[in-house]
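Colleague: Below are the structure tokens for one structure; questions will follow.
The values are calculated or read from the model by the stated rules, or taken from the named source; none is laboratory data. Since the model is a prediction, treat every value here as computed from it, not as a measurement. So basically every Cβ, Gly included, is an ideal-geometry build from the backbone, and we count neighbours across all protein chains shown.
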Amino acid sequence: MDASQNRREFKFVLKPGLESKLREKVAEHLAVDTHANDGYPVLSEYFDSAERTTYWQKQMGVPNRRRVRGRLYGRNDGTIAPSAFIEVKHKLDGSTVKRRVSCEVDDLPVFSDGRIPKHIETSGQYEDRVMEELEDLVVTNGNRPVVQIRYHRYAYDSGPEGTIRITFDLEPRCRFIMKPLLPDDPDFELPLLDPGSAIMEVKTIGPVPYWFRKVIGEFNLVPRGFSKYAAALEKYEFTQKQQPHTQPNIQSIP
């Protein structure tokens, strides 16, 4: 599946013991990501304003909203080479599109400091648009890192021309100390879910395949909204402050 295409996303929070059974079912229909049969770590750094504007936009159901994040893949043992991206995740009227540019791992701290790495190469209108968005959201509007999140992902995909991708995110944990992201860094001490729980995300272009609808019925699954970013703030940041965050002036993105 092409992540840059408009798509629908559905999330399911899985009870302990359910993730492995569902992965077996999904593997009957979709191929696992190349070179990642045993999954891979994902490290992300989420940006927001001091007023947590993107958090409140989500809570208020603003139909047109964007969030910036840095993302790092890779393993220390070299089986998956490190790769880094700067992304804009854009939700519009229920559809989601992820726009991103690749960068060096060492570029991520530069970006976290509110500066656009100068040597990132763009090769067309798509990358130019992403860079303009990053300039607007980070440099002009002052979005900065709020929380870093790590999880272990198993991904199944219908291929480059396919219409569905299903991922399972295990052991999501966070930290509010903004350290430079390093491949496969285990130092994330704050859990987002109960032990053994997982998050299943379904990304689809067009209708959900019939076989997956049968899986949903077999396991009595009910989709629910779940944002790792929002969960981290609600579970840790907001509860540790004496005064709650005030809601900023929420509006759609022009």
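Colleague: Using the structure shown, decide if LYS89 is part of a strand (DSSP E or B) and either farther than 20 Å from LEU43 by Cβ or at pLDDT below 95 (or both).
Modeller: Details: part of a strand (DSSP E or B): yes; either farther than 20 Å from LEU43 by Cβ or at pLDDT below 95 (or both): yes.
Yes: the conditions hold for LYS89.
Colleague: Here's another thing I want to ask about it. Filter region 228-241 down to the residues that are among the acidic types (Asp, Glu) and exposed (fewer than 15 other Cβ atoms within 10 Å of the Cβ) and list them by number. Quick ask: steps written out before the conclusion?
Modeller: Narrowing region 228-241 to residues among the acidic types (Asp, Glu): 234, 237.
The answer is GLU234, and nothing else.
Colleague: I've got another one for you. Anything in region 116-127 that is part of a helix (DSSP H, G or I) and loosely packed, with under 12 Cβ neighbours inside 10 Å? List them, or say none. Walk me through how you get there before you give the answer.
Modeller: Start the filter on region 116-127 by keeping residues that are part of a helix (DSSP H, G or I), which leaves 125-127.
GLN125 - this is the single residue of region 116-127 that is part of a helix (DSSP H, G or I) and loosely packed, with under 12 Cβ neighbours inside 10 Å.
Table: residues versus (1) at pLDDT below 95; (2) over 18 Å from ASN143 (Cβ atoms).
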site: GLU24; (1), (2): no, yes
site: ASP48; (1), (2): no, no
site: LEU72; (1), (2): no, yes
site: PRO82; (1), (2): yes, yes
site: GLY94; (1), (2): yes, yes
site: GLU104; (1), (2): yes, yes
site: LYS118; (1), (2): yes, yes
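Colleague: Of all the residues that make up region 129-161, how many are surrounded by fewer than 15 Cβ atoms within 10 Å (Cβ to Cβ) and farther than 22 Å from GLU45 by Cα?
Modeller: 3
Colleague: Looking at the structure I just gave you, is GLY225 within 14 Å of the chain's Cα centre (by Cα) and either at pLDDT below 95 or exposed (fewer than 13 other Cβ atoms within 10 Å of the Cβ) (or both)? Quick ask: steps written out before the conclusion?
Modeller: Numbers: within 14 Å of the chain's Cα centre (by Cα): yes; either at pLDDT below 95 or exposed (fewer than 13 other Cβ atoms within 10 Å of the Cβ) (or both): yes.
Considered against the rule, which asks whether it is within 14 Å of the chain's Cα centre (by Cα) and either at pLDDT below 95 or exposed (fewer than 13 other Cβ atoms within 10 Å of the Cβ) (or both), GLY225 comes out as yes.
Colleague: For residues that are in contact with a strand residue (DSSP E or B) (Cβ under 6 Å, 6 or more places away or on another chain), assigned to a loop (DSSP other than H, G, I, E, B) and at pLDDT below 95, tally how many sit in region 190-208.
Modeller: 1
Colleague: Given the options ARG71, ARG75, ARG99, ARG65, name the one that is out of contact with any helix residue (DSSP H, G or I) (no Cβ under 8 Å at 6 or more places or on another chain), crowded, with 18+ Cβ neighbours inside 10 Å and outside any helix (DSSP H, G or I). Outline the logic, then answer.
Modeller: Details: ARG75 fails: crowded, with 18+ Cβ neighbours inside 10 Å; ARG99 fails: out of contact with any helix residue (DSSP H, G or I) (no Cβ under 8 Å at 6 or more places or on another chain); ARG65 fails: out of contact with any helix residue (DSSP H, G or I) (no Cβ under 8 Å at 6 or more places or on another chain).
From the options ARG71, ARG75, ARG99, ARG65, the qualifying one is ARG71.
Colleague: Sticking with this one: Can you report the number of residues in region 43-62 which are in contact with a Leu (Cβ under 8 Å, 6 or more places away or on another chain) and part of a helix (DSSP H, G or I)? Don't jump to the end; show me each part of the working.
Modeller: Restricting attention to region 43-62, the residues satisfying the condition of being in contact with a Leu (Cβ under 8 Å, 6 or more places away or on another chain) are 43-45, 47, 52, 55.
Then keep just the ones that are part of a helix (DSSP H, G or I); that gives 55.
Within region 43-62, residues that are in contact with a Leu (Cβ under 8 Å, 6 or more places away or on another chain) and part of a helix (DSSP H, G or I) number 1.
Colleague: Working only within region 19-39, note down all residues that are outside any helix (DSSP H, G or I) and buried (at least 18 other Cβ atoms within 10 Å of the Cβ).
Modeller: First, the residues of region 19-39 that are outside any helix (DSSP H, G or I): 28-39.
Within region 19-39, LEU30, GLY39 qualify.
Colleague: Collect the residues in region 78-96 that are within 20 Å of ASN6 (Cα to Cα), surrounded by fewer than 13 Cβ atoms within 10 Å (Cβ to Cβ) and free of Cβ contacts under 8 Å to residues at least 40 places away in the same chain, keeping them in residue-number order.
Modeller: Within region 78-96, the subset within 20 Å of ASN6 (Cα to Cα) is 85-96.
Imposing the further condition that a residue be surrounded by fewer than 13 Cβ atoms within 10 Å (Cβ to Cβ) reduces the set to 93-94.
Listed by number, the list holds a single entry, ASP93.
Colleague: A follow-up question, please. What tally of residues in region 164-187 results from selecting those that are surrounded by fewer than 19 Cβ atoms within 10 Å (Cβ to Cβ) and either polar (S, T, N, Q) or in a loop (DSSP other than H, G, I, E, B) (or both)?
Modeller: So the count comes out to 10.
Colleague: Give me the pairs, please: first residue somewhere in region 214-226 and closer than 17 Å to LYS203 by Cα, second residue anywhere and in a helix (DSSP H, G or I), beta-carbon distance under 6 Å, and either six or more positions apart or on two chains.
Modeller: Between residues of region 214-226 that are closer than 17 Å to LYS203 by Cα and residues that are in a helix (DSSP H, G or I), the close pairs are VAL215/LYS25.
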